[in-house]
Amino acid sequence: MDRYQNFTLEDFVWDDQFRSWVLRPTREDEAKWQHWMSQYPDKIALINRAKEIVRAIGVESTELSAFEKRAAIRNIIAKLRTTEPLVEITAHTPFFQQSWLRYAASLLLLCGLAWGIMSRKEARLVDYEELVTSTDEQLIEKLNTTDKPIPILLEDGSEVTLDPGSKISYPEHFNSQKRELYLSGEAFFSIAKLPSRPFYVYANEVVTKVLGTSFYVRSYQNEKEVSVTVKTGRVAVFTRSDPTLDKKLSEKELKGVVIEPNQQIVVVRESVRITKSLIAQPELITENGTTFQFEFDEVPVSNVFSEIQKAYRVDIIYDKNVMDGCPITANLTDLSLYEKLDLACKAVGAHYELIDGRVIIEGEGCK
């Protein structure tokens, strides 16, 4: 950890271990970083700013090349240096109410849109027939001509539930390096977990890559959008016009825009614009018989947000120092995710926004 003593704001934002702690914290990482900050208290303000940039912008999921990402971050940090000094961040200021963070999120969003526009110059609409005929492999085609979804079992143990009017093509035997399937229409995929052999679903201009999980893909030739929704696990989505396509196809890891349960990606086909969001009706994630308690009696509203976050696997970003001082009594058991958020926020005079698949809560705390 000694190497972090001389880190700049940009160094922290791009450090793999730091981003992992911020986005996917473990008990061990939390203890390690808390101990480090206790040794270097003068770095706490810098750490807090770097954490909020990573959380708000979602550095790992932004659909930009490494060069464009770094250029965007440098622009953000340069702007921060000319607007608000680092010492202005305090435990009493809700971080998302700070203009610097709004600027940062907006700038990277614009960079993402600009990237989509630049990609459009090379974008070309691709359909199922073209994809199928361009492969050298002998493929099996399954078409659902019924009025009900039909299950299709693949040789690796994966199962595809194919909607009416939809079709898929795939080889009788997947090769030893990867598993590939082509879709026209809509289907639910439950993919056998084989990390050494990634599974790819090609749907018009969109490529979905998984190692073993379940998800939905909707991709009709006559529709302007392709959507991917995750049921369990993690899924990476990228487009065929991506300049790093070959690299993302060859690597074993999940690269691209990564989404998790209750999140979805929508790709506008003509502009290749990618939007990440929460699904319309998020569901409780009750793996291994997990249960959640939504009856609260005079507990800090931050505890409520924490329980909701765990139950739905949704990132909820808020100022814990402020919300810890706001008690709430409520029974949220039979409410949807958004109803839970509405009630909890109204009880303490806060409100929330949905940004990039995350819930951002703003409020000045209890009077």
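The values are calculated or read from the model by the stated rules, or taken from the named source; none is laboratory data. Given the structure is predicted, the values throughout are model-derived calculations rather than measurements. Here Cβ is always computed from backbone atoms with ideal geometry, including for glycine, and neighbour counts include all displayed protein chains. Side chains included, ligands, DNA and RNA excluded: accessible areas come from the protein's heavy atoms. Shrake-Rupley method; radii C 1.70, N 1.55, O 1.52, S 1.80 Å.
Numbers for the structure displayed
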| quantity | calculated |
| --- | --- |
| Apportionment of accessible area to carbon and sulfur, the stretch 238-367, percent (1.4 Å) | 46 percent |
| Listed residues Val258, Gln138, Val268: farthest to the positive end of the dipole of the stretch 127-270 (Cβ charges) | Val258 |
| Table column - 3J(HN,Hα) (Hz), the stretch 304-313, Karplus curve with 6.51, -1.76, 1.60, x for Gly and Pro | 5, 4, 5, 5, 5, 4, 5, 6, 10, 6 |
| 1.4 Å probe accessible area per residue over the stretch 116-245, in Å² | 49 Å² |
| Phi to ³J(HN,Hα) by Karplus 6.51 cos²θ - 1.76 cosθ + 1.60 over the stretch 180-193, Hz, x for Gly, Pro | 10, 8, 10, 10, 10, x, 9, 7, 10, 10, 10, 9, 4, 7 |
| Inter-centroid distance (Cα atoms) of the stretch 126-181 relative to the stretch 318-336, Å | 46 Å |
| Spatially proximal lysines relative to Lys224 (Cα-Cα < 20 Å; intrachain offsets below 8 disregarded) | Lys121, Lys167, Lys276 |
| Solvent-accessible area of Lys340 with every protein chain in place, 1.4 Å probe, in Å² to the nearest 10 | 0 Å² |
| Base-10 log of normalised Debye intensity for the stretch 233-325 (one unit scatterer per alpha-carbon) at q = 0.11 Å⁻¹ | -0.49 |
| Accessible area in square angstrom per residue, the stretch 1-54, 1.4 angstrom probe | 53 Å² |
| Burial order of peptide ranges 153-164, 230-241, 27-38 (average beta-carbon count within 10 Å, highest first) | 230-241, 153-164, 27-38 |
